[in-house]
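Notes follow once the structure below has been shown.
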Amino acid sequence: MKHAEPGNRALGFSPGRRLQLMMDTRNDPYRARRKPRGELLCPDCALVCREGRWQHGAANTQAHSHRCPACQRIADRYPAGTLTIEGSYAYEHRSEVLVTARHVAEQMQVEHPLQRIMDIEALDGRIQITTTDIHLVQAIGKSLLHAYGGVLKYGFAEGQYQLRVDWAA
Ligand SMILES: [Zn+2]
C-alpha cells in the first residue's frame, strides 16, 4: 500500500518554487501585449525593441512609436512590485536605505532597462517603493536584508504578476 508523502509534496510546492515559477517574465501581461511588427521606439524613454527585446540603443528611422512595458505601467500607475520598509532602524537610516535601493535599481538598469523604480513615498514611519517589475523589487529587498539585517517577507497571489515585499528592521 502506498502512503501519501505530504512532506515531499509540501517541498515541491514550497513558496520558493512557486515564487520562482510566478516570476517568469512571460507571465507579465504588460510584456505579453500584442505589438506592431518591426522595430519599435518608446516615445517616453527612447528604448528600442528589436525581436521582442527592449534595449538601449539607436532606432531605425522607420521604427514605430510604441510605449515600452515599463512606461506603460508608469502611465497606468500600475506597479508590478511594491516594497514596504518599516521599523525604527530603517526609518532612522532611511537616507542610506534609499541610496542602497536606488543603487540596486541603477545596476539592474544596465542589463534590464524595463526594471525601474516608479515612486518612493514616505507614509508616517513607513516608506513605500513601487517598481515596474517584480525582479527589481525582490533584488532591492534582498540587498536591504543583506546590508542591514532585519526581516524580509514576500506576498503574492497565484496567477498574478505582482509581488509585495515587506522589509522591517
Ligand atoms: Zn519606455
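A few comments on the model shown:
- The listed residue being more than 13 Å from the ligand (Cβ to nearest atom), part of a loop (DSSP other than H, G, I, E, B) and β-branched (Val, Ile, Thr), out of Thr82, Thr61: Thr61
- Cβ-Cβ distances below 9 Å connect the following pairs, each with a first residue in the stretch 128-147 that is assigned by TED's automatic domain parsing to the domain that holds Gln162 and closer than 16 Å to Asp76 by Cα, a second residue that is β-branched (Val, Ile, Thr) and assigned to a helix (DSSP H, G or I), and a separation of six or more residues or different chains: Thr130/Val137; Thr131/Val137; Thr131/Ile140; Thr132/Ile74; Asp133/Thr25.
- Of all the residues in the stretch 55-65, those that are of a type in the set (Ser, Thr, Tyr) and loosely packed, with under 11 Cβ neighbours inside 10 Å number 1.
- Condition met for Leu47 (over 22 Å from the mean Cα position of the chain (by Cα), open to solvent by less than 60 Å² (accessible area, probe 1.4 Å) and within 13 Å of the ligand (Cβ to nearest atom)): no
- Subset of the stretch 154-167 [of a type outside the set (Val, Ile, Thr) and within 20 Å of Ile117 (Cβ to Cβ)]: Tyr154, Gly155, Phe156, Tyr161, Gln162, Leu163, Arg164, Asp166, Trp167
- Complete set of residues in the stretch 95-125 that are of a type in the set (D, E, K, R) and modelled with pLDDT of 95 or more: Glu96, Arg102, Glu106, Arg116, Asp119, Glu121
- Inspection of the stretch 125-141 identifies no residue that is open to solvent by 20 Å² or more (accessible area, probe 1.4 Å), within 16 Å of the ligand (Cβ to nearest atom), closer than 26 Å to Arg18 by Cα and in contact with a strand residue (DSSP E or B) (Cβ under 8 Å, 6 or more places away or on another chain).
Yes/no per residue for (1) surrounded by fewer than 12 Cβ atoms within 10 Å (Cβ to Cβ); (2) assigned by TED's automatic domain parsing to the domain that holds Lys153; (3) more than 16 Å from the ligand (Cβ to nearest atom); (4) of a type in the set (A, V, I, L, M, F, W, C):
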{"residue": "Arg53", "(1), (2), (3), (4)": "yes, no, no, no"}
{"residue": "Arg67", "(1), (2), (3), (4)": "no, no, no, no"}
{"residue": "Gln72", "(1), (2), (3), (4)": "no, no, no, no"}
{"residue": "Tyr89", "(1), (2), (3), (4)": "no, yes, yes, no"}
{"residue": "Leu114", "(1), (2), (3), (4)": "no, yes, no, yes"}
{"residue": "Ala122", "(1), (2), (3), (4)": "no, yes, yes, yes"}
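- Residue list for the stretch 31-44, filter: under 30 Å from Glu158 (Cα atoms) and either touching a Leu at 6+ places or on another chain (Cβ under 6 Å) or crowded, with 17+ Cβ neighbours inside 10 Å (or both): Arg31
- Residue that is nearest to the ligand (Cβ to nearest atom) [pool: residues in the stretch 15-30 that are open to solvent by less than 70 Å² (accessible area, probe 1.4 Å) and of a type in the set (D, E, K, R)]: Asp28
The values are calculated or read from the model by the stated rules, or taken from the named source; none is laboratory data. Keep in mind that what you see is a predicted model, and the values were worked out from it rather than measured. No Cβ is skipped: glycine too gets one built from the backbone with ideal geometry, and neighbour counts run over all protein chains shown. With ligands, DNA and RNA removed, areas are computed over all heavy atoms of the protein, side chains included. Shrake-Rupley method; radii C 1.70, N 1.55, O 1.52, S 1.80 Å.
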